[in-house]
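First up is the structure itself, then whatever we jot down about it.
The values are calculated or read from the model by the stated rules, or taken from the named source; none is laboratory data. All values reported here derive from a predicted model rather than from experimental measurement. Heads up, the Cβs are rebuilt from the backbone with ideal geometry, glycines too, and the neighbour counts pull from every protein chain shown.
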Amino acid sequence: MSAELKSEERSLNFLEEIIEQDLKEGKYKQIVTRFPPEPNGYLHIGHATSICLNFGLTKKYGGYTNLRFDDTNPVTEETEYVESIKDDVKWLGFEWKNELYASDYFDKLYEFAITLIKKGLAYVDDSTSEEIATQKGTPTEPGKRNKYADRSIEENLQLFEEMKAGKYKDGEKVLRAKIDMESPNMIMRDPLLYRIKHAYHHRTADKWCIYPMYDFAHGQSDSIENITHSICTLEFVPHRELYDWCIEKLEIYPSHQYEFARRNMTYTVMSKRKLLQLVNEKHVTGWDDPRMPTISGMRRRGYTAAALREFCDRVGISKRENIVDVGLLEFFVREDLNKKALRRMVVFDPLKVVITNYAASEEILTSENNPEDPNSGTREIPFSNELYIERDDFMETPSKKYFRLAPGQMVRLKSAYIIKCENVIKDEAGNITEIQCTYIPESKSGSDTSGINVKGTLHWVSVKHAISAEIRLYDRLFKVEDPSSGEGDFKDYINPDSLQIIKSVFAEPALKNAHLADSYQFIRKGYFVLDKDSSTSGMIFNRTVGLKDSWAKASK
RNA sequence: UGGCCUAUGGUGUAAUGGUAACACAACUGAUUUUGGUUCAGUCGUUUAAGGUUCGAAUCCUUAUAGGCCAACCA
């Protein structure tokens, strides 16, 4: 409820303003958007921004959003990608009205091309790609039209028909729009509409050997679907002129294109080409490697859909170049997980503690599952006279602000007793092998009558009850904030320590029942989630994100 | 040497001609059986120069900086 209040207080972004204006003027009864991925890679956090935008807008203003695969280039597109994209959109929590494909419109698009030819607005060009590039001029010099532009409508019709029939090899001919070779906008210098590709298409198979270019497919697809607001990223701004030209000449439903700045994030890369490279060259284990900025990677890492949605909403959109701090995303992940994650105790680097005055062999203690959520219940934790604590929770000669265990000092064991360090045992090499402590019986958690106040509380695990698990600690994939902007190859900036594996940690028994996709907070350690690599023989946990650690910062 | 887009704290976004603000980050302090959470506070911003105006982050001009455009990619 307070979240609703907040969103109402929040001001409109420039697209919401446009839409509210359109609605006010009665331009549309409802708005229709689309999310138009090309199935040539997995979706990343930048796409999540677009998804939240497109689906969020129609949810807010009434209308619907289509999922449309922009599959006009058969050589890079695969069904695997189609499936992953659908999974990701669903997981993010959105429902599309129609699942569509640009390839659904290939017949229609072919008709559109014929229409343009008949209007004298398109021609078949026999030039090579090099010739076309040369004739196009440069941003500062106008281009020149070649002789093929003079072909008759009849000839163009016949040649285009022959292109479709497979009479020509790849690259032998193209269909171009006849617009303006001298336009200051390079896109308008007789852009290519169709090219020949004798390639198998993931949906139309071998039906076609000519395929429309983006500029001749996207706007028309929008138009066919009656998209009211076609939202894309800034690099398509110059294409808008052609987008509008096609709609005007074809006299079809006038969809309109609006552009916003793509989302960049620190310490990662966001282009599908680069991500594909990381996958292909095995710098990561796959598209869903938890270090990847992909939606599937983040999901596997333990980021929640709610956190991603909140991130997209709260960061907002604009038209300026940006690189958002990955720390902001991590903030929303922590904010969400703090409310939801069950608390568990896990010791990563064990140091044995023996309670010398503990007479019973063991007892069962209870602890809250999540202090932030009273409905989360409690769990049982076995306690005994032999425990593990974290090695860095003990210091033989502590610094002044060190609140943890040290000779003669007392600490609280979380949900258990206060203990006092009496003796330090070392091996011959001088390594600490064991800490001997006494406990304060009347300091039991929940019924503490000891009157003792301690500054530090430690997590712990009973030695004989501990279960084992593997832990994967992830760090940023790159060492620098913007790997793409530096000199040289972005891969030069890969962080060699982005994955640290701890083969065996000691966990409290309650963790045995961990489920995939359940998030846990390992107390004082961070948020973790069970990885799909886990088997019956061993559990593997991914670190989603660490806890804020002001002590680590202060002690530096 | 063409055209287009954009410039607000460290970062991301507001303010729509009328008091420059919110979140994150950073820093203090309080609370705390997680050095977590929570709470209170501090820090710091309109690229520059002109112009219009009673009044400009906002409108205009110029400059500067960054981005995009010369793929048979999207």
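As an exercise: evaluate A:Asp170 against (1) crowded, with 20+ Cβ neighbours inside 10 Å; (2) over 29 Å from A:Ser50 (Cβ atoms); (3) within 9 Å of RNA strand B (Cβ to nearest atom) and give the number of the one condition it does not meet.
In the conditions (1) crowded, with 20+ Cβ neighbours inside 10 Å; (2) over 29 Å from A:Ser50 (Cβ atoms); (3) within 9 Å of RNA strand B (Cβ to nearest atom), A:Asp170 misses (1) alone.
Every residue, every condition in (1) under 26 Å from A:Gly286 (Cα atoms); (2) in contact (Cβ under 8 Å) with a residue 40 or more places away in the chain; (3) assigned to a strand (DSSP E or B), yes or no:
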{"site": "A:Arg309", "(1), (2), (3)": "yes, yes, no"}
{"site": "A:Asp313", "(1), (2), (3)": "no, yes, no"}
{"site": "A:Lys319", "(1), (2), (3)": "no, yes, no"}
{"site": "A:Leu328", "(1), (2), (3)": "yes, no, no"}
{"site": "A:Glu335", "(1), (2), (3)": "no, no, no"}
{"site": "A:Asn338", "(1), (2), (3)": "no, yes, no"}
{"site": "A:Arg343", "(1), (2), (3)": "no, yes, yes"}
{"site": "A:Lys352", "(1), (2), (3)": "no, yes, yes"}
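Could you check the stretch A:221-250 and list, in sequence order, the residues that are away from RNA strand B (no atom under 14 Å from the Cβ) and touching a strand residue (DSSP E or B) at 6+ places or on another chain (Cβ under 7 Å)?
Answer for the stretch A:221-250, where residues must be away from RNA strand B (no atom under 14 Å from the Cβ) and touching a strand residue (DSSP E or B) at 6+ places or on another chain (Cβ under 7 Å): A:Glu225, A:Asn226, A:Ile227, A:Thr228, A:His229.
Considering each residue of the stretch A:192-220, count those that are within 20 Å of A:Glu161 (Cα to Cα) and more than 8 Å from RNA strand B (Cβ to nearest atom), and give that number.
Of the residues in that region, 14 qualify.
Pick out, from the stretch A:457-556, the strands (runs of 3 or more DSSP E) lying fully within it that include 1 or more residues that are of a type in the set (Gly, Ala, Ser) and in contact with a helix residue (DSSP H, G or I) (Cβ under 6 Å, 6 or more places away or on another chain).
Counting at least 1 such residues, we get A:519-522.
So, A:Glu161, is that one without any contact (Cβ under 8 Å) to a residue 12 or more places away in the chain and out of contact with any Leu (no Cβ under 7 Å at 6 or more places or on another chain) or not?
Yes, satisfied.
Return the residues of the stretch A:241-258 that are crowded, with 18+ Cβ neighbours inside 10 Å and under 31 Å from the mean Cα position of the chain (by Cα); say none if nothing qualifies.
Residues satisfying the conditions are A:Tyr243, A:Ser255, A:His256, A:Gln257.
Condition test on A:Ser504, is it without any contact (Cβ under 8 Å) to a residue 60 or more places away in the chain, among the polar types (S, T, N, Q) and in contact with a Pro (Cβ under 9 Å, 6 or more places away or on another chain)?
The answer is no for A:Ser504.
Taking A:Lys97, is it touching a strand residue (DSSP E or B) at 6+ places or on another chain (Cβ under 6 Å), more than 25 Å from A:Ala205 (Cα to Cα) and surrounded by fewer than 21 Cβ atoms within 10 Å (Cβ to Cβ)?
Answer is yes for this residue.
Please find, within the stretch A:503-533, the residue that is farthest from RNA strand B (Cβ to nearest atom) out of those that are modelled with pLDDT under 95 and under 21 Å from A:Tyr303 (Cβ atoms).
It comes out as A:Leu516.
Of (1) loosely packed, with under 13 Cβ neighbours inside 10 Å; (2) in contact (Cβ under 8 Å) with a residue 12 or more places away in the chain, A:Pro441 satisfies all except one. Which?
So the condition that A:Pro441 fails would be (1).
Can you tell me which residues in the stretch A:358-377 are closer than 16 Å to A:His459 by Cα and either part of a helix (DSSP H, G or I) or of a type in the set (S, T, N, Q) (or both)?
Listed by number, the residues that qualify are A:Thr366, A:Ser367, A:Asn369, A:Asn370.
Take the residues in the stretch A:509-532 that are free of Cβ contacts under 8 Å to residues at least 24 places away in the same chain and out of contact with any Phe, Trp or Tyr (no Cβ under 7 Å at 6 or more places or on another chain); name whichever of them is nearest to A:Glu330 (Cα to Cα).
A:Gly526
Residues that are of a type in the set (D, E, K, R), buried (at least 18 other Cβ atoms within 10 Å of the Cβ), more than 10 Å from RNA strand B (Cβ to nearest atom) and closer than 26 Å to A:Asp531 by Cβ: does the stretch A:304-318 have at least one?
yes
List pairs: first residue in the stretch A:543-556 and under 11 Å from A:Val333 (Cβ atoms), second residue within 7 Å of RNA strand B (Cβ to nearest atom) and modelled with pLDDT of 95 or more anywhere in the structure, Cβ distance under 8 angstrom, at least six positions apart or on different chains.
A:Val545/A:Arg334
Tell me whether the stretch A:89-98 contains one or more residues that are without any contact (Cβ under 8 Å) to a residue 40 or more places away in the chain and within 21 Å of A:Ser255 (Cα to Cα).
yes
Can you tell me which residue among A:Phe106, A:Phe14 is within 11 Å of RNA strand B (Cβ to nearest atom), more than 23 Å from the chain's Cα centre (by Cα) and among the aromatic types (Phe, Trp, Tyr)?
Step by step, each of A:Phe106, A:Phe14 is checked, and only A:Phe14 is within 11 Å of RNA strand B (Cβ to nearest atom), more than 23 Å from the chain's Cα centre (by Cα) and among the aromatic types (Phe, Trp, Tyr).
Hey, does the stretch A:437-446 have a residue that's outside any loop (DSSP other than H, G, I, E, B) and of a type in the set (Phe, Trp, Tyr)?
Taking every residue of the stretch A:437-446 in turn, at least one turns out to be outside any loop (DSSP other than H, G, I, E, B) and of a type in the set (Phe, Trp, Tyr).
Mind checking which residues of the stretch A:173-191 are within 7 Å of RNA strand B (Cβ to nearest atom) and touching a Pro at 6+ places or on another chain (Cβ under 6 Å)?
A:Asn185, A:Ile187
In this structure, does A:Tyr28 turn out to be modelled with pLDDT of 95 or more, in a loop (DSSP other than H, G, I, E, B) and either within 21 Å of A:Glu95 (Cβ to Cβ) or in contact with a Ser or Thr (Cβ under 6 Å, 6 or more places away or on another chain) (or both)?
Yes; evaluated as a whole, the condition is true for this residue.
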